[in-house]
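Peer 1: Below you will find the structure I want to go over with you.
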């Protein structure tokens, strides 16, 4: 039997990973009560491990092999008590209804990246977003729980999924330049064609604005993301106060980032846009007082 001290140490490892690597999510996670905070840290640490394989520098065959291994391990984390991250996840899944199968969807999304998946339509992109981010929304929902009846669970899962799509589209817009340098294009080809835009890099490493066409594409996709936020944030009404605050803080940081991207699309052509620690603290504080639903 695993000792309580060992489980505590395993959670400490996950919380350290979250503090150091979850630059946006950690602000929301801090607002949860301890039992949920440690559980969500375990979920994040596992997701981070899977993402790091997909985004790493190993040959593609090695990445796919390691992703397959992770898929098998996360479905039965209790059998890997020698791994502190999986030990923490196993304990969290024992305490809370965390849908571990959703990690398999995250692996599916990472495999799309490794295989160089092309996104022709919005539906293609949404499928990817649901794998890599909607899955995290549904995993997080397992930690949050619902404020009232279980009859709302299907609706809540759909809303968590929608919020994940909104966050991932925001990520995509923020990282257009970086992703292109890594040979990845997530913007739907039909949308690029609609505005007569082709993603290319100038000699100084910035993205070619294409006579303003790229800015129009960014604003177009940002408007779509707002629709996903409007849908997904209805989830807050189904959560208890602390869980809603956590969710609102996470989403609020990304929404503010999206607002800045839409206001100045040329910024993402030059580099990666981010919010300061002070800005994130302000968003988290607003979420804790129940002010995380507006776009402002």
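The values are calculated or read from the model by the stated rules, or taken from the named source; none is laboratory data. From a predicted model like this one, the values you see are computed outputs, not experimental measurements. Positions of Cβ are backbone-derived with ideal geometry, glycine not excepted, and every protein chain shown enters the neighbour counts.
Peer 1: Of the residues that make up the range 186-203, is at least one within 18 Å of residue 273 (Cα to Cα), in contact (Cβ under 8 Å) with a residue 40 or more places away in the chain and surrounded by fewer than 22 Cβ atoms within 10 Å (Cβ to Cβ)?
Peer 2: No, there is no match, as no residue in the range 186-203 is within 18 Å of residue 273 (Cα to Cα), in contact (Cβ under 8 Å) with a residue 40 or more places away in the chain and surrounded by fewer than 22 Cβ atoms within 10 Å (Cβ to Cβ).
Peer 1: Another question, then. With 284, 262, 249 as the choices, which residue is over 19 Å from residue 169 (Cα atoms) and either touching a residue at least 40 places away in the same chain (Cβ under 8 Å) or not in a helix (DSSP H, G or I) (or both)?
Peer 2: The unique qualifying residue is 284.
Peer 1: Is it the case that residue 73 is over 18 Å from the mean Cα position of the chain (by Cα) and assigned to a helix (DSSP H, G or I)?
Peer 2: Criteria met by residue 73.
Peer 1: Test of understanding: among 227, 196, 205, 212, which residue is touching a helix residue (DSSP H, G or I) at 6+ places or on another chain (Cβ under 7 Å) and either on the phi > 0 side of the Ramachandran plot or not in a loop (DSSP other than H, G, I, E, B) (or both)?
Peer 2: Of 227, 196, 205, 212, the one residue that is touching a helix residue (DSSP H, G or I) at 6+ places or on another chain (Cβ under 7 Å) and either on the phi > 0 side of the Ramachandran plot or not in a loop (DSSP other than H, G, I, E, B) (or both) is 196.
Peer 1: Let me ask something else. Return only the number of the condition from (1) in a helix (DSSP H, G or I); (2) out of contact with any strand residue (DSSP E or B) (no Cβ under 6 Å at 6 or more places or on another chain) that residue 273 does not satisfy.
Peer 2: For residue 273, the failing item is (1).
Results for (1) assigned to a helix (DSSP H, G or I); (2) touching a residue at least 12 places away in the same chain (Cβ under 8 Å); (3) more than 20 Å from residue 143 (Cα to Cα), shown as yes or no for each residue.
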| residue | (1), (2), (3) |
| --- | --- |
| 31 | no, yes, no |
| 36 | yes, yes, no |
| 57 | no, no, yes |
| 82 | no, no, yes |
| 97 | no, yes, no |
| 117 | no, no, yes |
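Residue-wise test of (1) within 18 Å of residue 36 (Cα to Cα); (2) surrounded by fewer than 15 Cβ atoms within 10 Å (Cβ to Cβ); (3) modelled with pLDDT of 95 or more; (4) touching a helix residue (DSSP H, G or I) at 6+ places or on another chain (Cβ under 6 Å).
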{"residue": "237", "(1), (2), (3), (4)": "no, yes, no, no"}
{"residue": "245", "(1), (2), (3), (4)": "yes, no, no, yes"}
{"residue": "248", "(1), (2), (3), (4)": "yes, no, no, yes"}
{"residue": "261", "(1), (2), (3), (4)": "no, no, yes, yes"}
{"residue": "270", "(1), (2), (3), (4)": "no, yes, no, no"}
{"residue": "283", "(1), (2), (3), (4)": "no, no, no, yes"}
{"residue": "287", "(1), (2), (3), (4)": "yes, no, no, yes"}
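Peer 1: State whether the residues of the range 32-42 include one that is modelled with pLDDT of 95 or more, under 24 Å from residue 113 (Cα atoms) and surrounded by 13 or more Cβ atoms within 10 Å (Cβ to Cβ).
Peer 2: Checked against the condition, which is being modelled with pLDDT of 95 or more, under 24 Å from residue 113 (Cα atoms) and surrounded by 13 or more Cβ atoms within 10 Å (Cβ to Cβ), the range 32-42 yields at least one hit.
Peer 1: Please specify each residue of the range 152-181 satisfying the condition of being without any contact (Cβ under 8 Å) to a residue 12 or more places away in the chain and either under 19 Å from residue 271 (Cα atoms) or assigned to a loop (DSSP other than H, G, I, E, B) (or both).
Peer 2: Of everything in the range 152-181, just one residue is without any contact (Cβ under 8 Å) to a residue 12 or more places away in the chain and either under 19 Å from residue 271 (Cα atoms) or assigned to a loop (DSSP other than H, G, I, E, B) (or both), namely 179.
Peer 1: Okay, moving on. Test each condition in (1) touching a residue at least 24 places away in the same chain (Cβ under 8 Å); (2) part of a helix (DSSP H, G or I) for residue 12 and report the one that comes out false.
Peer 2: Answer for residue 12: the failing condition is (1).
Peer 1: Return yes when residue 48 is within 17 Å of the chain's Cα centre (by Cα) and part of a helix (DSSP H, G or I) and no when it is not.
Peer 2: So residue 48 passes the test.
Peer 1: Residue under question is residue 104, and the condition is that it be over 24 Å from residue 231 (Cα atoms), in a helix (DSSP H, G or I) and at pLDDT 95 or above; does it hold?
Peer 2: yes
Peer 1: Further, regarding this structure: Kindly indicate whether residue 176 is touching a strand residue (DSSP E or B) at 6+ places or on another chain (Cβ under 9 Å) and in the same structural domain as residue 275 (by TED's automatic domain parsing).
Peer 2: Judged against the criteria, residue 176 is a match.
Peer 1: Next question. Going by the structure shown, is residue 162 within 15 Å of the chain's Cα centre (by Cα), more than 25 Å from residue 15 (Cβ to Cβ) and modelled with pLDDT of 95 or more?
Peer 2: yes
Peer 1: Here's a follow-up. Mind listing whichever residues of the range 102-122 are closer than 13 Å to residue 46 by Cβ and in the same structural domain as residue 182 (by TED's automatic domain parsing)?
Peer 2: Scanning the range 102-122 gives no hits.
Peer 1: Hey, does the range 224-244 have a residue that's over 23 Å from residue 154 (Cα atoms), under 19 Å from the mean Cα position of the chain (by Cα) and not assigned by TED's automatic domain parsing to the domain that holds residue 33?
Peer 2: So far as the range 224-244 goes, yes, one or more of its residues are over 23 Å from residue 154 (Cα atoms), under 19 Å from the mean Cα position of the chain (by Cα) and not assigned by TED's automatic domain parsing to the domain that holds residue 33.
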